[in-house]
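The values are calculated or read from the model by the stated rules, or taken from the named source; none is laboratory data. None of these values were measured; they are calculated from a predicted model. Cβ placement follows ideal geometry from the backbone for every residue including glycine, while neighbour counts extend to all protein chains displayed. Heavy atoms of the whole protein, side chains included, go into the accessibility calculation; ligands, DNA and RNA do not. Shrake-Rupley method; radii C 1.70, N 1.55, O 1.52, S 1.80 Å.
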Amino acid sequence: MKPEIIKVPTKPFEGQRPGTSGLRKKTRVFMQPNYLENAVQSVFNVIRETAGDFGQHMLVIGGDGRYYNREAIKIIINMAVANGFGKLLVAHGGLMSTPAVSAVIRRRGALGGLILSASHNAGGIDEDFGVKYNIHNGGPAPEPVTEAIYEQTQKITEYLTISDANVDIDREGSTRIGQTQIDVINSLKDYCELMEELFDFESIRRLFASGFRMTFDAMHAITGPYAHHLLEERLGAAPGTVVKGTPLPDFGGHHPDPNLVYAADLVARLADDNGPDFGAACDGDGDRNLILGRRFFVSPGDSLALIAEHAKDAIPAFRDGLAGVARSMPTSTAADRVAQELGIKFYETPTGWKFFGSLLDAGLCTICGEESFGTGSNHVREKDGVWAVLAWLSILAHTRKSVEQVMREHWRRFGRSYYQRHDFEGIDTDAAARMIAALREKIPGLNGKDFGGSKITTADDFSYTDPVDGSTATKQGIRLLLADGSRAVFRLSGTGTSGATLRLYVERYLRDEGVSDVNQILAPLLNDAKDLLRLKEFTGRDKANVVT
Ligand code: VG1
Ligand code: CO
């Protein structure tokens, strides 16, 4: 039966510009009549310009299970039918991790996908919600596309929907409404098959069989079912390896953000004398990862460097070596040295995974990472938390050394980037803007100045030109490069939903085998960075909420 298409008149909402990773707002903002609908119709209007007739195309729909996920998925199904898509691939229960959506888009040749998530932000009716569009390569829409979508949101007059498709998203199978086939697909299948293609499962199975113990903390977010299936059912990890494995709409009331502060439970387990050998956690939508050894934290920049170092030997997918490594600008320079040593290409991009897509598509790089607990490779076009865990397991299985041992050996070989990110959350938005503007004004006069025990050799506001398509991004963070190789970077977050968050990143490289105290090493840089910023004066703050 042909459904009746309803044209609903609507008016633009202010502030629907996507940030670092999609449009994120308070859940109640998204629950207002027409808010999500405007955002989704704007995506459709933009992609129709290049895709033409949607009747030929497939759209993937999934989310991280947070509050409002199911309602949002129903709204999108109705709108996608009304907009004439040939086929919808809807995640079973509406649940699919961000990297799994990326995998499904790629493996099944979809036009793109809509992901309902605010990632590491808290969930619930009074917390955060989000929506993000990923393009046919499986990756986040690049800036020219997100800008076009934003422009659409500012002039939208109507959206299309049908009365209700009434699809049972809790039952796998196929239904047809008018010209649209709606397949409710298994949330794990494509992704888990891909993991098996990339990694040597037998080798990891032998590691677990030898008595190796791990704890995987899914933070009551999307990766629970993936980790349970892969680690416990497929790789032989002991039952109970996965904790907080059931996705909950409010993530159990916590921030599903895998760092030392929000994953403190896991950190405590690894500090116990009878604790496991290896600990890992993933975020709300499954694209971030935290890696821990016994009483040992692996900084994300080091994790990227270590995976790059061992990839060829430990991971079958990289048997032929890596084409290159890419990292976002604020990420530590540890991976640069590995790339140099391996004689492979190296790229520095702005913050946000969307900037890696074109490099990966062009085959210029193979492994990418960000300091914000994001690591991934060319297997999808998103960072991938479970992938990073399997990469680490592969390295531990291959070397049969502890997390701390492999990391210390890495530092002995390459030296160590002492690194920290200090987040100052909930700052007044205007004060934050004024503070950054004041710093920006100082940039031209900073060259040659003393800073953090060294001298500033470069001070700039990072801008980037994509080497493949020539597109540019400006004002991507203020950075100070020092004569001794140290760095300080200042930028405002693009993923928050209330107030502003300042991120202050400091790094100092030493060839000292990694034995120094990170706080002590970084203190001079941190103090000078705060002074230069006049942090206290503008914000009344001196101490960060979260240090990672
Ligand atoms: C943060 C991180 C950035 C990451 C982004 C999305 O952005 O710093 O590295 O790509 O979150 O991650 P910002 O603009 O707040 O610094 V996720 O896991 O929230 O999609
Ligand atoms: Co995420």
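A few comments on the model shown:
- Any chance Trp392 is farther than 16 Å from Leu292 by Cβ and modelled with pLDDT of 95 or more: no
- When the criteria are applied in full, Ser102 fails the requirement of being closer than 14 Å to Pro249 by Cα, open to solvent by less than 10 Å² (accessible area, probe 1.4 Å) and within 16 Å of ligand 2 (Cβ to nearest atom).
- Scan of the stretch 318-332 for residues that are open to solvent by less than 10 Å² (accessible area, probe 1.4 Å) and among the basic types (Lys, Arg), ordered by number: Arg327
- Residue count for the stretch 47-105, restricted to those that are more than 21 Å from Ser187 (Cα to Cα), of a type in the set (D, E, K, R) and in contact with a Ser or Thr (Cβ under 7 Å, 6 or more places away or on another chain): 0
- Checklist (1) closer than 25 Å to Ile204 by Cα; (2) open to solvent by less than 50 Å² (accessible area, probe 1.4 Å) applied to Ile344, failing item: (1)
- Some residue of the stretch 10-20 being within 16 Å of ligand 2 (Cβ to nearest atom) and of a type in the set (Gly, Ala, Ser): yes
- Whenever a residue of the stretch 237-249 is touching a residue at least 60 places away in the same chain (Cβ under 8 Å), its partners that are open to solvent by 50 Å² or more (accessible area, probe 1.4 Å) and of a type in the set (Ser, Thr, Tyr), lying with C-beta atoms within less than 6 angstrom and at least six residues away or across chains, give the pairs Pro249/Tyr67.
- Check on Gly63, within 16 Å of ligand 2 (Cβ to nearest atom) and either surrounded by fewer than 21 Cβ atoms within 10 Å (Cβ to Cβ) or more than 24 Å from the chain's Cα centre (by Cα) (or both): no
- Being of a type in the set (Val, Ile, Thr), within 16 Å of ligand 1 (Cβ to nearest atom) and surrounded by fewer than 23 Cβ atoms within 10 Å (Cβ to Cβ) is a condition met by at least one residue of the stretch 259-270.
- Looking only at the stretch 1-20, and only at residues there that are in contact with a Phe, Trp or Tyr (Cβ under 7 Å, 6 or more places away or on another chain) and polar (S, T, N, Q), the one that is nearest to Tyr133 (Cα to Cα): Gln16
- Which listed residue is touching a helix residue (DSSP H, G or I) at 6+ places or on another chain (Cβ under 6 Å) and either open to solvent by less than 20 Å² (accessible area, probe 1.4 Å) or among the hydrophobic types (A, V, I, L, M, F, W, C) (or both), from Ala488, Ala483: Ala488
- Taken together, the criteria place Asp461 among residues that are touching a Gly at 6+ places or on another chain (Cβ under 9 Å) and free of Cβ contacts under 8 Å to residues at least 24 places away in the same chain.
- Residue that is farthest from ligand 2 (Cβ to nearest atom) [pool: residues in the stretch 285-303 that are in a strand (DSSP E or B) and open to solvent by 10 Å² or more (accessible area, probe 1.4 Å)]: Phe296
- Some residue of the stretch 353-364 being modelled with pLDDT of 95 or more, open to solvent by 20 Å² or more (accessible area, probe 1.4 Å), in a loop (DSSP other than H, G, I, E, B) and under 26 Å from Gly485 (Cα atoms): yes
- Matching residues in the stretch 501-517 - criterion: being open to solvent by 10 Å² or more (accessible area, probe 1.4 Å), under 21 Å from the mean Cα position of the chain (by Cα) and not charged (D, E, K, R): Thr501
- Pair list, Cβ under 7 Å, 6 or more apart: the stretch 254-272 residue touching a residue at least 60 places away in the same chain (Cβ under 8 Å), other residue among the small types (Gly, Ala, Ser) and buried (at least 17 other Cβ atoms within 10 Å of the Cβ): His255/Ala122; Pro256/Ala221; Pro256/Gly284; Pro258/Ala281
- Count of residues meeting criterion [assigned to a loop (DSSP other than H, G, I, E, B) and either free of Cβ contacts under 8 Å to residues at least 60 places away in the same chain or open to solvent by 20 Å² or more (accessible area, probe 1.4 Å) (or both)] in the stretch 464-473: 5
- The lone exception for His120 - which of (1) open to solvent by 10 Å² or more (accessible area, probe 1.4 Å); (2) within 28 Å of Val8 (Cα to Cα) it fails: (2)
- Selection count, the stretch 89-102, where residues are within 16 Å of ligand 1 (Cβ to nearest atom) and over 14 Å from the mean Cα position of the chain (by Cα): 1
- Inside the stretch 451-496, residues that are within 16 Å of ligand 2 (Cβ to nearest atom) and out of contact with any Lys or Arg (no Cβ under 8 Å at 6 or more places or on another chain) make up a count of 1.
- Under the condition of being under 23 Å from the mean Cα position of the chain (by Cα), in a loop (DSSP other than H, G, I, E, B) and surrounded by 17 or more Cβ atoms within 10 Å (Cβ to Cβ), the residues counted in the stretch 162-217 number 3.
- Qualifying residue in the stretch 68-75 (condition: closer than 20 Å to Asp257 by Cβ and open to solvent by less than 10 Å² (accessible area, probe 1.4 Å)): yes
- The residues of the stretch 232-248 that are surrounded by fewer than 18 Cβ atoms within 10 Å (Cβ to Cβ) and assigned to a loop (DSSP other than H, G, I, E, B), listed by number, are Gly236, Ala238, Pro239, Gly240, Thr246.
- Only residues that are at pLDDT below 95 and either in a helix (DSSP H, G or I) or surrounded by 13 or more Cβ atoms within 10 Å (Cβ to Cβ) (or both) were counted across the stretch 6-37, and they come to 6.
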